[in-house]
Amino acid sequence: MSPLVAILGAGNVGSALAQRLIEANIADVALLDVVPGRAQGLALDLSQAAVLEGHDRRIQGSTDYEAIAGADVVVITAGFPRKPGMSRDDLLKLNGALVLQVTRQAIQKAADAIFIVVTNPLDVMTYVAWQCSGLPPHRVLGMAGVLDSARFAAFIAQELDVSVLDIRAMVLGGHGDLMVPLPRFSCVNGIPITELLEPEVIDRLVDRTRNGGAEIVELLQSGSAFYAPASSTAQMVAAILGDRPRIMPVSAYAHGLYGIHDVYMGLPARISAYGVEKVLELSLTQTELNALRTSAAAVKARVDLIKEILPF
């Protein structure tokens, strides 16, 4: 039987992800949305495109959670998008209740699935999904570090005028202004960027990475990034379903590593059909470690706030 990925939310990210998954032959898709006809229309459109793209993956659109029964992976993209001048934290109250609601409905139909959260503010929403799903933490993870690292890599490639295929970048921490790009762990074909770029240039690329999402929001004026988030999520799904474990930065549960406790945030992890097999502990400098702990403290403060708002 073909693997099934349930996507909750047929907005820009959800629909782009559906296209990535079926056209890359990763999985069949059940696309859900609360707006009548939206998911169904997108699914019909994508199923007709399959004739031209040359694949036989199936996609179903629905408003009924029965459509996701038995899903192997559930991806939560439902939520309100950022608007110009709005931070990810501004979405805390708006999206918290929504993630709680859709997670509780989804777990009833896909109790054996691994859950991936894309909704912002991502690390806090991943914590919410974990708490209200009742799942062990290794089966709930968030898409953050893959996207942030891709942005960092893109900026490095542009600065050096080299192919993105040669770039490997690493960004940890919360998916927000206090994320922690790690130049020492970012390289061009194995050469650390600290050997190729001046410190002030690296600082500029780090700052642009931290503001990468906001830059796109400001340019679009209506809505936020969706192509790169969809591609990032598709990579995570492929690692889970494709029997090809990957080491990538994701929003994973911290339970003591790096001196961080009871919080989801971007950490390097081995991802497989098990979900988060293992969170890796890198040898960080004291400056890097302090930055990571500062980022964790900011995420933890928002988690404490959402705990006061939502009945887990």
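Which ones in region 261-311 are aromatic (Phe, Trp, Tyr) and surrounded by 21 or more Cβ atoms within 10 Å (Cβ to Cβ)?
Residues of region 261-311 that are aromatic (Phe, Trp, Tyr), as a first pass: 264, 274.
Of everything in region 261-311, just one residue is aromatic (Phe, Trp, Tyr) and surrounded by 21 or more Cβ atoms within 10 Å (Cβ to Cβ), namely Tyr264.
Can you find a residue in region 253-264 that is among the hydrophobic types (A, V, I, L, M, F, W, C) and in a loop (DSSP other than H, G, I, E, B)?
Step one: list which residues in region 253-264 are among the hydrophobic types (A, V, I, L, M, F, W, C), which gives 254, 257, 260, 263.
Adding the requirement that they be in a loop (DSSP other than H, G, I, E, B) leaves 260.
Yes, some residue in region 253-264 is among the hydrophobic types (A, V, I, L, M, F, W, C) and in a loop (DSSP other than H, G, I, E, B).
Would you mind telling me which numbered condition in (1) within 22 Å of His138 (Cβ to Cβ); (2) assigned to a loop (DSSP other than H, G, I, E, B); (3) modelled with pLDDT of 95 or more Arg244 fails?
(3)
Per-residue answers, yes or no, for (1) of a type outside the set (Phe, Trp, Tyr); (2) closer than 22 Å to Gly96 by Cβ; (3) at pLDDT 95 or above:
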position: Ile271; (1), (2), (3): yes, no, yes
position: Leu292; (1), (2), (3): yes, no, yes
position: Lys300; (1), (2), (3): yes, yes, yes
position: Ile309; (1), (2), (3): yes, yes, no
position: Phe312; (1), (2), (3): no, yes, no
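How many residues are surrounded by fewer than 18 Cβ atoms within 10 Å (Cβ to Cβ) and either touching a helix residue (DSSP H, G or I) at 6+ places or on another chain (Cβ under 7 Å) or not in a helix (DSSP H, G or I) (or both) when one looks only at region 147-167? Walk me through it before giving the result.
Taking region 147-167 first, the residues surrounded by fewer than 18 Cβ atoms within 10 Å (Cβ to Cβ) are 157-166.
In the following step, the residues that additionally are either touching a helix residue (DSSP H, G or I) at 6+ places or on another chain (Cβ under 7 Å) or not in a helix (DSSP H, G or I) (or both) were identified as 157, 159, 161-164.
Within region 147-167, residues that are surrounded by fewer than 18 Cβ atoms within 10 Å (Cβ to Cβ) and either touching a helix residue (DSSP H, G or I) at 6+ places or on another chain (Cβ under 7 Å) or not in a helix (DSSP H, G or I) (or both) number 6.
Could we say that His175 is outside any helix (DSSP H, G or I) and in contact (Cβ under 8 Å) with a residue 24 or more places away in the chain here?
Values: outside any helix (DSSP H, G or I): yes; in contact (Cβ under 8 Å) with a residue 24 or more places away in the chain: yes.
Considered against the rule, which asks whether it is outside any helix (DSSP H, G or I) and in contact (Cβ under 8 Å) with a residue 24 or more places away in the chain, His175 comes out as yes.
Of the residues Val201, Val217, which is touching a Ser or Thr at 6+ places or on another chain (Cβ under 7 Å) and within 25 Å of Glu159 (Cα to Cα)? Even if it seems obvious, please write down each step before you answer.
Numbers: Val201 fails: touching a Ser or Thr at 6+ places or on another chain (Cβ under 7 Å).
Step by step, each of Val201, Val217 is checked, and only Val217 is touching a Ser or Thr at 6+ places or on another chain (Cβ under 7 Å) and within 25 Å of Glu159 (Cα to Cα).
For region 35-42, indicate whether the set of residues that are of a type in the set (S, T, N, Q), under 18 Å from Ala69 (Cα atoms) and at pLDDT 95 or above is non-empty. Walk me through how you get there before you give the answer.
Going residue by residue through region 35-42, those that are of a type in the set (S, T, N, Q) are 40.
Now restrict to residues that are under 18 Å from Ala69 (Cα atoms): 40.
Filter once more, so that each one left must be at pLDDT 95 or above: 40.
Taking every residue of region 35-42 in turn, at least one turns out to be of a type in the set (S, T, N, Q), under 18 Å from Ala69 (Cα atoms) and at pLDDT 95 or above.
Output the residue which, of all residues in region 265-278 that are over 20 Å from Val118 (Cβ atoms) and assigned to a strand (DSSP E or B), is nearest to the chain's Cα centre (by Cα).
Arg270
Hey, among the residues in region 190-219 that are out of contact with any Asp or Glu (no Cβ under 8 Å at 6 or more places or on another chain) and in a loop (DSSP other than H, G, I, E, B), which one's nearest to Arg270 (Cα to Cα)? Steps first, answer last, please.
Let us first name the residues in region 190-219 that are out of contact with any Asp or Glu (no Cβ under 8 Å at 6 or more places or on another chain), namely 190-196, 198-200, 202-204, 206-207, 213-219.
Checking the rest, the ones that are also in a loop (DSSP other than H, G, I, E, B) come to 190, 196, 198.
Working: Gly190: 20, Leu196: 28, Glu198: 32 Å.
Checking each candidate, the answer is Gly190.
Among the residues of region 84-97, is there at least one that is assigned by TED's automatic domain parsing to the domain that holds Ile114, at pLDDT 95 or above and of a type outside the set (A, V, I, L, M)?
Looking only at region 84-97, we keep the residues that are assigned by TED's automatic domain parsing to the domain that holds Ile114, and these are 84-97.
Keeping just the survivors that are at pLDDT 95 or above gives none.
Scanning region 84-97 turns up no residue that is assigned by TED's automatic domain parsing to the domain that holds Ile114, at pLDDT 95 or above and of a type outside the set (A, V, I, L, M).
Find the residue count for region 262-286, including only residues that are of a type in the set (Val, Ile, Thr), under 18 Å from Val146 (Cβ atoms) and touching a Lys or Arg at 6+ places or on another chain (Cβ under 6 Å). Explain how you work it out, then say what you get.
Of all residues in region 262-286, those of a type in the set (Val, Ile, Thr) come to 263, 271, 276, 279, 285.
Filter once more, keeping what is under 18 Å from Val146 (Cβ atoms): 271, 276, 279.
Right, trim to touching a Lys or Arg at 6+ places or on another chain (Cβ under 6 Å) and you get 271.
Looking only at that region, the number is 1.
Of the conditions (1) small (Gly, Ala, Ser); (2) more than 30 Å from Asp304 (Cβ to Cβ); (3) not in a loop (DSSP other than H, G, I, E, B), Ser222 clears all except one; give me its number.
Result: Ser222 passes all but (3).
The values are calculated or read from the model by the stated rules, or taken from the named source; none is laboratory data. Here the structure is a predicted model, which is why all the values come from computation and not from measurement. Glycine gets a Cβ as well: all are built from the backbone with ideal geometry, and neighbour counts include every protein chain shown.
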